[in-house]
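Only one structure is covered here, and it is reproduced in the block below.
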Amino acid sequence: MLARPCEVRLEFGLAVTPSGCLPNGASLPAVMPADRTGGFSGTELIGLGLFLAAAFVIPLVAGLVIDQVAHTTPVGLLVGLVVGIAAAGFGLRAQMRRYL
């Protein structure tokens with residue numbers, strides 16, 4: 001967007017310009033692309049945390065339910081635990097691949 005120079009007026013001691021206008025000699029700052037090499041953003045970290053929690057908890061709860069239904073006390077829990085850890089590990093590896 002190129003702004004055209006225009007006149008400035010004072011309101012309450014502050015310089016006010018109409019929309020799209022810049023005072024004489026002023027220029028717009030250059031827009032730089034976002035720096036994506038710095039690591040995860042806040043929303044990416046929240047999403048990753050929610051994914052890891054779901055990938056771990058859902059198979060664990062499913063294993064507990066299978067234990068209740070099939071009356072196989074530790075088997076479903078252990079299988080759910082192993083599946084949850086594996087799913088969380090593979091998901092974390094997939095998310096971190098772009099930073100490695």
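Within the group Val82, Val61, Val69, which residue is exposed (fewer than 11 other Cβ atoms within 10 Å of the Cβ) and at pLDDT 90 or above?
Values: Val82 fails: exposed (fewer than 11 other Cβ atoms within 10 Å of the Cβ); Val61 fails: exposed (fewer than 11 other Cβ atoms within 10 Å of the Cβ).
So the residue among Val82, Val61, Val69 that is exposed (fewer than 11 other Cβ atoms within 10 Å of the Cβ) and at pLDDT 90 or above is Val69.
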Some residue of the stretch 33-56 being more than 33 Å from the chain's Cα centre (by Cα), basic (Lys, Arg) and either at pLDDT below 65 or surrounded by 13 or more Cβ atoms within 10 Å (Cβ to Cβ) (or both): no
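The values are calculated or read from the model by the stated rules, or taken from the named source; none is laboratory data. All values derive from a computational prediction rather than experimental measurement. All Cβ positions, glycine included, derive from the backbone under ideal geometry; neighbour counts span all protein chains shown.
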